[in-house]
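Below you'll find the structure, written out as C-alpha cells, and then a few comments.
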Amino acid sequence: MTRQRTRAYIFICTTVFLWGISFFWTNRLLVYHVPVFFLIFTRISLAALILFVFGKITGVIQRIKNKKDVLWFMGLALMEPFFYFTGEAYGVKLTASPNLSSVIVSSIPIFGLIAGITFYREKVTPRNIIGIVLTLPGLMMVVLGKWGLELGTPAGLPGTNMTAGILFLFMAVFSAVGHTVILKRITLSYNAFTVTFYQHALGAVYFLMPVLFFDLKRTDLSLFLTDWNFWYPIIMLSVLCSSFAFLLFTTAIKELGVTRTNSFAAVIPIVTAAAGVILGIESLNWIQVTGILVVVTGVILSQLRSSRS
C-alpha cells in the first residue's frame, strides 16, 4: 500500500469518527429547539469563515479557473451541504427515529457503488460488491438490535410525518452520492482546501434565504446568539465536523474514489453507538456486537483490491 493510500485511509477513518460523534451535538441543538435552517446556516457559515481566514493567511485557496467550474462548485454545494443537511435534519425530526434514519442513510454505500461504476467506471471485484452489500444488514443489526423496529418518539423530538421524514432521508442519501460524484471530478483540478472552502461558502449562501423566509419569521434568533448552550455545539460542528472533516474527506476521495470512500458511511452509526457506550448513555447487546463485526467485515471486503491492481 502506498503512502498516499495509507494517508487516505487515516483521513477517511478520522472523518467517520467526527461525523459519528456529530449527532450528539446536532441532537443537542434540536432538543434545544434551534430552527433547522438556522442551525445549518450558522454551522457552515462559521466553517467558511474559518477556512477563509486560514486560506488567506496561508495562500492555499485557488481561484476558480473558468465559468464552467463555477457551475460545478455550485452543484457541489447544492448537493451537500444544502440538500443533504436539509434532508438529514428534517428526516430525523419528522420520523422522530434516529434509528430508522441511520438505517436509511446506511444505504449510501449501495448507491455509491452504482454511481462509481456508472460515472467513473471504477473497478470493483465481487468481493468489493459483497462487502458493500453486507454493510446494510450488519448496520440494521446494530441499529435495530436493541430497539427492534420501534419508531417511538425520543424526548424532545416529536415526530409529525413519517412518510415525509423518510422522503427527506432518501433525499439526503442521493444528495450524498451526488456530492461524491461531483467532488471526485473537482478534485482533479483543485486542491482539497479550495474545494472545502467554496463548498461551505456557497452552501451558506443557499441557506441564507430559508433562514430569512422561514426561521426568522417564526423564532427570535437573537436568543440563541447570546447563549453558550448554542455556541458550544455549533463551534464543535463547524471546526471539527465541517471544516476539518470535509477537508479530510475531500482528500480521501481523490485517492480512494467514489465507491470505496462511500462504503465508510456504514461505519458512522457504529461510531455514534460506541460513543454512546463510552459516555454511559448507551449499551450494546450481542446482536449489536455481531452487527458491528459484520459491518467491519463488509467495509474491509469493500476495500480489497484485485491482485492485478
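The values are calculated or read from the model by the stated rules, or taken from the named source; none is laboratory data. What you are looking at is a predicted structure, and each value in this text was computed from that prediction instead of being measured. Neighbour counts run over all protein chains shown; Cβ positions are idealised from the backbone, glycine included.
Annotations for the structure displayed:
- Some residue of segment 199-214 being of a type outside the set (A, V, I, L, M, F, W, C), in a loop (DSSP other than H, G, I, E, B) and either touching a residue at least 60 places away in the same chain (Cβ under 8 Å) or in contact with a Gly (Cβ under 8 Å, 6 or more places away or on another chain) (or both): no
- On inspection, Val70 fails the criterion of being β-branched (Val, Ile, Thr) and within 22 Å of Ser302 (Cβ to Cβ).
- Residue pairs meeting the criteria (Cβ under 6 Å; at least 6 apart or on separate chains; first closer than 20 Å to Ile104 by Cβ, in segment 262-282; second surrounded by fewer than 16 Cβ atoms within 10 Å (Cβ to Cβ) and charged (D, E, K, R)): Gly276/Glu282
- Filtered residues of segment 33-85 (kept if of a type in the set (S, T, N, Q) and either more than 22 Å from the chain's Cα centre (by Cα) or at pLDDT below 95 (or both)): Thr58, Gln62, Asn66
- Residue list for segment 42-79, filter: surrounded by fewer than 14 Cβ atoms within 10 Å (Cβ to Cβ) and of a type in the set (Lys, Arg): Lys56, Arg63, Lys65, Lys67, Lys68
- The listed residue being of a type outside the set (Lys, Arg), surrounded by 16 or more Cβ atoms within 10 Å (Cβ to Cβ), more than 19 Å from the chain's Cα centre (by Cα) and at pLDDT 80 or above, out of Gly159, Gly145, Gly138: Gly138
- Restricting segment 98-135 to residues that are among the hydrophobic types (A, V, I, L, M, F, W, C) and under 13 Å from Ile270 (Cβ atoms) leaves a set whose member that is modelled with the highest pLDDT is Val105.
- Val299 meets the conditions (1) buried (at least 16 other Cβ atoms within 10 Å of the Cβ); (2) over 25 Å from Pro137 (Cβ atoms) in every case but one. The failed one is (2).
- Which numbered condition Leu188 misses (of (1) outside any helix (DSSP H, G or I); (2) surrounded by 14 or more Cβ atoms within 10 Å (Cβ to Cβ)): (2)
- Yes/no for Phe168 being buried (at least 16 other Cβ atoms within 10 Å of the Cβ) and either modelled with pLDDT under 95 or under 30 Å from Thr261 (Cβ atoms) (or both): yes
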